[in-house]
1. Nearest-5 percent of antiparallel DSSP beta bridges in segment 62-128?
2. Provide the net charge surrounding Arg119, with neighbours chosen by a C-beta distance below 12 Å and charges set as Lys +1, Arg +1, Asp -1, Glu -1.
3. Work out how much length Ile71 to Arg105 would gain on full extension: take 0.36 nm times their residue separation and subtract the Cα-Cα distance, in nm to one decimal.
Amino acid sequence: MKFKRSVHLEHGLCQIDIAPLIDIVFQLLIFFMLTSSFVMQPGIKVNLPNAVASDVIEEQNIIIVLSVEGIIYLDEKVFTSQELMWYLSKKENSARPLLIKADKRTPLGRVVEIWDLCRQAGVERVNIATQQPSEQ
């Protein structure tokens, strides 16, 4: 079986026009650049402390986030200590478990203050969020 060594174009075509191909490639590139830049993780970023012994909690928790500056967030809204106390003292909220997500650089005194405030409001189960240390 003998194969042709070269491909000859028809007499009317001397070259292939690649302009439409380049247009489509650029449109795809722009499309993926625009769609990928709008994908963001919602929420407040905190670096959780590492803990070797930690349990996974799968209940519906009230989540309080403490930033490095000591700002209290509940449902991604800023709360003061008095507002948090009022919110947690409601009967339906005091029965639910509470999870404190504090940045590892948050002062311990601030975490203990929030923990104590939750206990005063009648919350019986208070947990602190940690992450498993990554093995390197």
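Derivation of every value follows stated rules applied to the coordinates shown; laboratory data play no part. None of the values given here were measured: they were computed from a predicted structure. Ideal geometry is used to build each Cβ from the backbone, glycine not excepted, and the neighbour counts take in all protein chains shown.
1. Roughly 45 percent of the beta bridges in segment 62-128 run antiparallel, per DSSP.
2. Neighbour charge sum, excluding Arg119 itself: -2.
3. 11.0 nm
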